[in-house]
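Peer 1: So that we are looking at the same thing, I have put the structure below in structure tokens.
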Number of protein chains: 2
Amino acid sequence: MDNEKIEVRTDEIIEYLKDKKYQDAKKLVLENNAVDIAEIIEEIIDEISIEKAVVMYRMLPKDISVEVFSYLPVEDQVNIINVITDKEVGHIIEELSFDDMIDVLEELPANIVDKILEKTPKGERKLINTFLNYPENSAGSLMTIDYISLRKDMTVSEALSHIKSVGMDSETVYTCYVKDNERKLRGIVSLRTLVVSEKEELILNVMREDMIYVNVYDDQEDVSELFKKYGFLAMPVVDKEGRLVGIITIDDILDVIDEEVTEDFERMAGVIDSSDQEYLDISVWKHVKNRMPWLFLLMCSYMITGGIIQNFENVLSNVIALVTYMPMLMGTGGNSGSQSATLVIRGMALDEIELSDAFRVLWKEIRISTIIGISLSALNFARIYWFDGQSALIAMTVSVSMLVIVIAAKSIGSMLPMIAKRVGIDPALVASPMISSLTDMVSVVTYFLLATAILNL
Amino acid sequence: MDNEKIEVRTDEIIEYLKDKKYQDAKKLVLENNAVDIAEIIEEIIDEISIEKAVVMYRMLPKDISVEVFSYLPVEDQVNIINVITDKEVGHIIEELSFDDMIDVLEELPANIVDKILEKTPKGERKLINTFLNYPENSAGSLMTIDYISLRKDMTVSEALSHIKSVGMDSETVYTCYVKDNERKLRGIVSLRTLVVSEKEELILNVMREDMIYVNVYDDQEDVSELFKKYGFLAMPVVDKEGRLVGIITIDDILDVIDEEVTEDFERMAGVIDSSDQEYLDISVWKHVKNRMPWLFLLMCSYMITGGIIQNFENVLSNVIALVTYMPMLMGTGGNSGSQSATLVIRGMALDEIELSDAFRVLWKEIRISTIIGISLSALNFARIYWFDGQSALIAMTVSVSMLVIVIAAKSIGSMLPMIAKRVGIDPALVASPMISSLTDMVSVVTYFLLATAILNL
């Protein structure tokens, strides 16, 4: 793959910059395309300093510098803006595509945003302010206004000329949007259709009216589901009155998918999600704040487990060997529950499992856990009785507990995420750690009750 | 969102089918687009039977039935093929786009594939066989041959006419590929460029030669990274000799991303990934086979933990109260480790964390875990000493253990995935369950060693 070649060159560029051989560095940098140059700038910020990165950035030809800027992560964009002159900032803001500009403005401190907005014409300023007010994670926050709009009464040939005249400034030209006089969305027509249609045909006759659209306040996760379902390259966004206010393109959806998946991963590990910041850019204190709440809550739940154990202290002091098998029972319970929870949560995220499937899922998990439980029980009985040399009664206590715990854990693990979804909580929030501590309680209660009964304590 | 409307109609359709009111069902079905009709067919298979679904499928007009078929999940496609006549199968295979056809053929039993291939012309048969032999998860297995190819010496106007004549059969027309006489890829040109360029211009002058391409044997995960990085709608695939053999389009990449994320989720929960089958379609036995190995392996690791505890039985029998705090220490250790592991694994998957960042990550985790560890320790000391009424020495044993365990767990949790990646193992494989059982061992050893020392046992 080409990536490796680029990696090597980055090291050379960084060496040149450190040695102040700027012309050599520039020559190497310009061998790359804008996406890769942005990666090189990122590396320079990480490895040397923001100042050196700005030196490099200023050496880029005007026509590619803004493109490179648009590919940088937002934190680095803000860092650069803080270092360069107002005039340079003005140039960047002017040249960026509308949605990239909004993304940058959202991250800048209010006083800098005000300074930038002062210089923009009044009409545009109002539009920018509207965009800045769309809630994070809404369709409105993802969209761009750089799309091609057509009228029903244009001919295909007129439409193509229109695209030719404005096409280079649009985020995408591959889907064009047909609006009426009240700016309401009336249809869509793809560039493919325009190219293969007769030149004199009216747009009216080639456009599709059964288009799928989203509302500005729709959640970005729902929007990305629609992209996946229909395989679109772009989707129109309308306001309450059905007026076309922007479009969302698939490249932004790829970022949304990454964000949503990261959120799920973090929630499932008991970490409060840290918006769209990178691990290394998050401060130690923020990391602590993101992780402490769940660790603390779960710690409290273990106190309950501890309390249960305390109640059975007489059982324990009679047969101290029982403690030896506690981690295995609790651990296997936790793992069994996590397996089921993960599969169900992922299945729901991909729309493969609906809430109405709850009983099918439960019935499946009960059969699976019975088979697994019996196998692990048998193995444990054999090991504890023959290998560990414990009494048959202790072996039986542990292995019957194992069976009960695996079945209970898999039932809880599969049902809890579905219950969470039913009551409107993100299923990822009740995943592994929470299920583990629940199954821990179930495990110790089961174990000690069975021990009391079987061992006659 | 439109989805809800569709959901309601599906129930009505299913009722009509159950009552054999086929014409009413058909009328409702035909109000939807092909994607949604495919979902309705899926629901009919799940809720009634494959036979009823085929009845419905046969009622669809010829021009949309194949499109609907292409949107069905592969299992359902195979189910339908098993029920319908050979002639109907022939029609579907003939009309499907090349990559959809390959996907279906891959899942069909060999004898059916042979029967289908017998009827296809020899040249096409050879091509199909080549495609069927590309490894699963390779770029080759994702690509299609339905792309537009141009020659350098064409004019823009000739290129547009060419697209007009063949465009409707291509997967995408938005990027066209320029080949030389030896079928080697020489450049790409977007439909946008063609539309905005002068008609007499030669393709040679408007094409880009610095295109990114992948090899047929590249892994699909690497390919999807390139799509994310560059924001492409399609990417060319070449063979060892640099000859263009197909293209990959972004809609297939969305599926790849889902698959790869599911694989990560499953591996992190200790489940062997079940290719691309849906949870409810996987048999109970297959589920058992996917989950048993890790549960068993981890169970063995808990035996080691149990063995460690057994060695400290004299400590335990002296101070039985120590058992009460064991689940909390082990659980908090496991959760702390999982948090770090998840963040690092996700960071590596998104290329935010490189292997060269190992020391920065470790240093960050040590500071984070020290702050968290001290806070949780202090809370525990207070609770155990004042609330539980234990001795100051026991309270100290538990709280010092807590500090050591949290720091150790976060260090292990962050470093193990990086070590795994360094030696070429998927980091997701060493996530939560494995890290929990490792931290369990560390936890009990720490706890009992500290108990022996502090309590003088």
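The values are calculated or read from the model by the stated rules, or taken from the named source; none is laboratory data. In this text, all values refer to a predicted model and were calculated from it rather than measured experimentally. Cβ placement follows ideal geometry from the backbone for every residue including glycine, while neighbour counts extend to all protein chains displayed.
Peer 1: Which count do you get for residues in the range B:147-174 that are touching a Ser or Thr at 6+ places or on another chain (Cβ under 7 Å) and more than 10 Å from chain A (Cβ to nearest Cβ)?
Peer 2: Of the residues in the range B:147-174, 4 are touching a Ser or Thr at 6+ places or on another chain (Cβ under 7 Å) and more than 10 Å from chain A (Cβ to nearest Cβ).
Peer 1: Hey, another quick one. Among the residues of the range A:254-295, how many are of a type in the set (Ser, Thr, Tyr) and more than 7 Å from chain B (Cβ to nearest Cβ)?
Peer 2: As a first pass, look at the range A:254-295 and keep what is of a type in the set (Ser, Thr, Tyr): A:262, A:274-275, A:279, A:283.
From what's left, more than 7 Å from chain B (Cβ to nearest Cβ): A:274-275, A:283.
Here the count works out to 3.
Peer 1: So which residues in the range A:43-67 are of a type outside the set (D, E, K, R) and in a helix (DSSP H, G or I), if there are any at all?
Peer 2: If the condition is that a residue be of a type outside the set (D, E, K, R) and in a helix (DSSP H, G or I), then A:44, A:45, A:50, A:53, A:54, A:55, A:56, A:57, A:59, A:64, A:65, A:66 are the ones that fit.
Peer 1: Can you confirm whether residue B:11 is more than 26 Å from residue B:252 (Cβ to Cβ) and of a type outside the set (A, V, I, L, M, F, W, C)?
Peer 2: yes
Peer 1: Among the residues of the range A:368-397, what is the count of those that are surrounded by fewer than 15 Cβ atoms within 10 Å (Cβ to Cβ) and assigned to a helix (DSSP H, G or I)?
Peer 2: The total comes to 6.
Peer 1: Could I ask something else about it? Are any of the residues in the range B:314-337 within 7 Å of chain A (Cβ to nearest Cβ), more than 26 Å from residue A:337 (Cβ to Cβ) and surrounded by fewer than 21 Cβ atoms within 10 Å (Cβ to Cβ)?
Peer 2: Checked against the condition, which is being within 7 Å of chain A (Cβ to nearest Cβ), more than 26 Å from residue A:337 (Cβ to Cβ) and surrounded by fewer than 21 Cβ atoms within 10 Å (Cβ to Cβ), the range B:314-337 yields at least one hit.
Peer 1: Take the conditions buried (at least 18 other Cβ atoms within 10 Å of the Cβ) and over 29 Å from residue A:219 (Cα atoms) and apply them to residue A:105. Does it pass?
Peer 2: No; evaluated as a whole, the condition is false for this residue.
Peer 1: Which condition number does residue A:118 fail, the rest of (1) in contact with an Asp or Glu (Cβ under 8 Å, 6 or more places away or on another chain); (2) at pLDDT below 85 being met?
Peer 2: The failed condition is (1).
Peer 1: Working carefully through the options A:116, A:80, find the one that is surrounded by 19 or more Cβ atoms within 10 Å (Cβ to Cβ), more than 26 Å from residue A:245 (Cα to Cα) and of a type in the set (Val, Ile, Thr).
Peer 2: Answer to the selection: A:80.
Peer 1: Please state which of the following conditions residue A:452 fails to meet, knowing it meets all the rest: (1) free of Cβ contacts under 8 Å to residues at least 24 places away in the same chain; (2) out of contact with any Ser or Thr (no Cβ under 7 Å at 6 or more places or on another chain).
Peer 2: (1)
Peer 1: Considering only the range A:221-246, state which residues are on the phi > 0 side of the Ramachandran plot and within 13 Å of chain B (Cβ to nearest Cβ).
Peer 2: Answer for the range A:221-246, where residues must be on the phi > 0 side of the Ramachandran plot and within 13 Å of chain B (Cβ to nearest Cβ): just A:231.
Peer 1: Something else about it: Provide a single number: the residues in the range A:175-231 that are acidic (Asp, Glu) and within 29 Å of the chain's Cα centre (by Cα).
Peer 2: Selection size over the range A:175-231: 5.
Peer 1: Any residue that is farther than 15 Å from residue B:246 by Cβ and surrounded by fewer than 19 Cβ atoms within 10 Å (Cβ to Cβ) - is there at least one of those in the range B:167-178? Before the answer, list the steps.
Peer 2: Pass one, the range B:167-178, residues farther than 15 Å from residue B:246 by Cβ: B:167-168, B:173-174, B:178.
Adding the requirement that they be surrounded by fewer than 19 Cβ atoms within 10 Å (Cβ to Cβ) leaves B:167-168.
Yes - at least one qualifying residue is present in the range B:167-178.
Peer 1: Residues to consider are B:68, B:74, B:54, B:29; find the one that is β-branched (Val, Ile, Thr) and touching a residue at least 60 places away in the same chain (Cβ under 8 Å).
Peer 2: Answer to the selection: B:74.
Peer 1: Here's a check for you: in the range B:267-279, which residue that is crowded, with 20+ Cβ neighbours inside 10 Å and in contact (Cβ under 8 Å) with a residue 24 or more places away in the chain is nearest to the chain's Cα centre (by Cα)?
Peer 2: Only one residue fits best here, namely B:267.
Peer 1: Looking at the range A:348-356, is at least one residue surrounded by 24 or more Cβ atoms within 10 Å (Cβ to Cβ) and more than 8 Å from chain B (Cβ to nearest Cβ)?
Peer 2: Residues of the range A:348-356 that are surrounded by 24 or more Cβ atoms within 10 Å (Cβ to Cβ), as a first pass: A:353.
When the remaining residues are screened for being more than 8 Å from chain B (Cβ to nearest Cβ), the result is none.
The answer is no, given that none of the residues of the range A:348-356 is surrounded by 24 or more Cβ atoms within 10 Å (Cβ to Cβ) and more than 8 Å from chain B (Cβ to nearest Cβ).
Peer 1: Okay, next question. Among (1) within 11 Å of another protein chain (Cβ to nearest Cβ); (2) under 13 Å from residue B:329 (Cα atoms); (3) without any contact (Cβ under 8 Å) to a residue 60 or more places away in the chain, there is one condition residue B:402 misses while meeting the rest; what is its number?
Peer 2: Looking at each condition in turn, residue B:402 falls short on (3).
Peer 1: In addition: Checking the conditions here, which among A:443, A:437 is in contact with a Phe, Trp or Tyr (Cβ under 9 Å, 6 or more places away or on another chain), surrounded by 17 or more Cβ atoms within 10 Å (Cβ to Cβ) and part of a helix (DSSP H, G or I)? Step through it out loud before you land on a result.
Peer 2: On the way: A:443 fails: in contact with a Phe, Trp or Tyr (Cβ under 9 Å, 6 or more places away or on another chain).
After applying the criteria, what remains is A:437.
Peer 1: Take the range B:420-449 and flag every residue that is under 23 Å from residue A:284 (Cβ atoms) and free of Cβ contacts under 8 Å to residues at least 24 places away in the same chain.
Peer 2: none
Peer 1: While we're on this one: Please work out which one of (1) assigned to a helix (DSSP H, G or I); (2) in the same structural domain as residue A:245 (by TED's automatic domain parsing) is the condition residue A:153 fails and give its number.
Peer 2: Residue A:153 satisfies every listed condition except (1).
Peer 1: Among the residues of the range B:249-260, which ones are touching a strand residue (DSSP E or B) at 6+ places or on another chain (Cβ under 7 Å) and part of a helix (DSSP H, G or I)?
Peer 2: If the condition is that a residue be touching a strand residue (DSSP E or B) at 6+ places or on another chain (Cβ under 7 Å) and part of a helix (DSSP H, G or I), then B:250 is the only one that fits.
Peer 1: Considering only residues that are outside any helix (DSSP H, G or I) and at pLDDT below 85, which ones fall in the range A:1-30?
Peer 2: A:1, A:2
Peer 1: Out of (1) over 22 Å from residue B:189 (Cβ atoms); (2) touching a Leu at 6+ places or on another chain (Cβ under 7 Å), what's the single condition that is false for residue B:212?
Peer 2: Among (1) over 22 Å from residue B:189 (Cβ atoms); (2) touching a Leu at 6+ places or on another chain (Cβ under 7 Å), the lone unmet condition for residue B:212 is (1).
Peer 1: Still on this structure: List every residue pair whose Cβ atoms lie under 9 Å apart, where the two residues are 6 or more positions apart in sequence or sit on different chains, the first residue falls within the range A:280-296 and is farther than 17 Å from residue A:431 by Cα, and the second residue, located anywhere, is acidic (Asp, Glu).
Peer 2: A:280/A:46; A:280/B:352; A:280/B:357; A:281/A:75; A:281/B:352; A:287/B:365
Peer 1: Scan (1) within 26 Å of residue B:260 (Cα to Cα); (2) at pLDDT below 90; (3) facing chain B (nearest Cβ under 10 Å) for the single condition residue A:430 breaks and write down its number.
Peer 2: (3)
Peer 1: Turning to a different aspect of this structure: If we keep just the residues of the range B:375-399 that are out of contact with any helix residue (DSSP H, G or I) (no Cβ under 6 Å at 6 or more places or on another chain) and within 17 Å of residue B:333 (Cα to Cα), which is farthest from the other protein chains (Cβ to nearest Cβ)?
Peer 2: B:378
Peer 1: With (1) facing chain A (nearest Cβ under 7 Å); (2) surrounded by 18 or more Cβ atoms within 10 Å (Cβ to Cβ); (3) among the hydroxyl-bearing types (Ser, Thr, Tyr); (4) free of Cβ contacts under 8 Å to residues at least 12 places away in the same chain as the list, and residue B:305 as the residue in question, which single condition is left unmet?
Peer 2: Result: residue B:305 passes all but (4).
For (1) assigned by TED's automatic domain parsing to the domain that holds residue B:299; (2) more than 29 Å from residue B:347 (Cα to Cα); (3) not β-branched (Val, Ile, Thr), each residue gets a yes or a no:
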site: B:372; (1), (2), (3): yes, no, no
site: B:378; (1), (2), (3): yes, yes, yes
site: B:401; (1), (2), (3): yes, yes, yes
site: B:410; (1), (2), (3): yes, no, yes
site: B:431; (1), (2), (3): yes, no, yes
site: B:436; (1), (2), (3): yes, no, yes
site: B:439; (1), (2), (3): yes, no, no
site: B:445; (1), (2), (3): yes, yes, no
